[in-house]
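Take a look at the structure below.
The values are calculated or read from the model by the stated rules, or taken from the named source; none is laboratory data. The structure displayed is predicted, hence computed values, not measured ones. Glycine gets a Cβ as well: all are built from the backbone with ideal geometry, and neighbour counts include every protein chain shown. Just so you know, the surface numbers come from the protein's heavy atoms only, side chains and all, with ligands and any DNA or RNA stripped out. Shrake-Rupley method; radii C 1.70, N 1.55, O 1.52, S 1.80 Å.
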Amino acid sequence: MARQDETIWADRYSRQTRFAPIGEAGQRKLAGSSVLIVGVGALGASLAQHMVRAGVGEVRLVDRDFVEPSNLQRQVLFDEADALAMLPKAVAAANKLRGINNEVMITAEVADVNAANVSKLAEGVQLVLDGTDNAATRLLLSAVCFRQRIPFIYGGAAGAEGMSAVLLPGHTACLRCLIGGQEAAGGGDTCDTLGVLSPIIELIASMQAVEAVKWLTGNASAIRRTWLSVSLWPFRMRESAIPSGQAGCVYCGDQQSGRGATREDGEIKPEAEELESSILCGRDTVQVTLGRPFELERLAEQLEQSDCAVTVNKYLVRAQLSSGESLVLFPDGRALVQGTADKDRAVQLCRFYLAGQSTGRPKSKIGALADG
Ligand SMILES: [Zn+2]
């Protein structure tokens, strides 16, 4: 940190440390802790802001998407310049957050969270905060959190309604036991069908953030042990008790031993399979995961030769196709095909325009994308 006058920052956390349950000791615990925030759209951006302002030592951000104008109505860390520059959300959020508190170590990962990378992303953190927009990723996070004994703070919102719960390995049931598998959880109302109002985002993110601060400051006994459902319009609030771990569940059963009832450590396969076949709340965008990383410059040249209108920045290439769809390509080998909700069509376009760019035909890891 290089600031001209350090003394003016001395009371930066004074209003928080004066709150008795936190105090100076709690503040030191915050400074020594790290959190993972998965999804940095609406809930995630708000969560990140709370964690960074509160003085959490390390904040890891992961998001697979980039900023678009339709995000600005509710995703509090982004502005018009971010949307015009098509910045990845993780990058744009990190830029803003560093300006808010440069004492915090902030890392930004532009990636899709999946069974292959989730354990590493969550390694060493004290908490995982849910800023995602789909059941498949949430179930994956719940699974890895219960396996690695990390609290998972769930949150979700659509329309003017939202839900939140703290899932504590060793104490509560896991998300799968609470909402069912992806089949049961999927197919519900989404931001895409219902829209979403920004106040419900802020309310749910606040509900998650305060429980995070309780946990990180050593106030575990103060944690709310209920599943909260809120509607702001019309107004209604409901709480129900969260059951303890379910006998027989591979994630939350047999919690005394700290592991699933039957599954060996190191495997989170069922969730991985679900992720592959996930159909999520769509916004006319399909994500196709290709075999290997893209070289953005070469890709941009190739697409220009195919008569696409190409826009490039440091993080992605976007190609407007003559057929009306557009391709947004990330170096990690992902393509977002915008303008269609048809998976076959999306794969067909990738095959046509990206020939020679990957190891061959796109893998069948496809999901319609929501914008949280
Ligand atoms: Zn369970």
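Which distance in nm do the two modelled labels at SER229 and SER119 give, with both placed 7 Å along the Cα-to-Cβ direction?
3.6
On a full-extension model of 0.36 nm per residue, what is the gain between MET237 and ALA341, subtracting their alpha-carbon distance, rounded to one decimal in nm?
Here the segment from MET237 to ALA341 would lengthen by 34.0 nm.
Calculated FRET efficiency, GLU6 and ASP307, Cβ-Cβ r, R0 51 Å, to nearest 0.05?
0.35
In the neighborhood of LEU84, defined by Cβ-to-Cβ distances under 13 Å, what is the net charge if each Lys or Arg adds +1 and each Asp or Glu adds -1?
-3
Translational diffusion coefficient of the stretch 6-274 at 37 °C, 0.692 mPa s, Stokes-Einstein with Kirkwood Rh over Cα pairs, in µm²/s as a whole number.
Estimated diffusion coefficient is 174 µm²/s.
Whenever you get a sec, line up ASP5, ASP11, ASP307 from highest to lowest accessible area (probe 1.4 Å, protein heavy atoms).
ASP307, ASP11, ASP5
If I model a spin label at SER70 and SER322 as a point 7 Å from the Cα along the Cα→Cβ vector, what separation in nanometres do I get?
Placing both labels 7 Å along Cα→Cβ, they lie 2.7 nm apart.
Given a Förster radius of 25 Å and the C-beta distance between SER221 and ARG18 as r, what FRET efficiency does 1/(1 + (r/R0)^6) yield to the nearest 0.05? Can you show the working numbers first?
Details: r = 21 Å, r/R0 = 0.83.
Efficiency computed from Cβ-Cβ geometry: 0.75.
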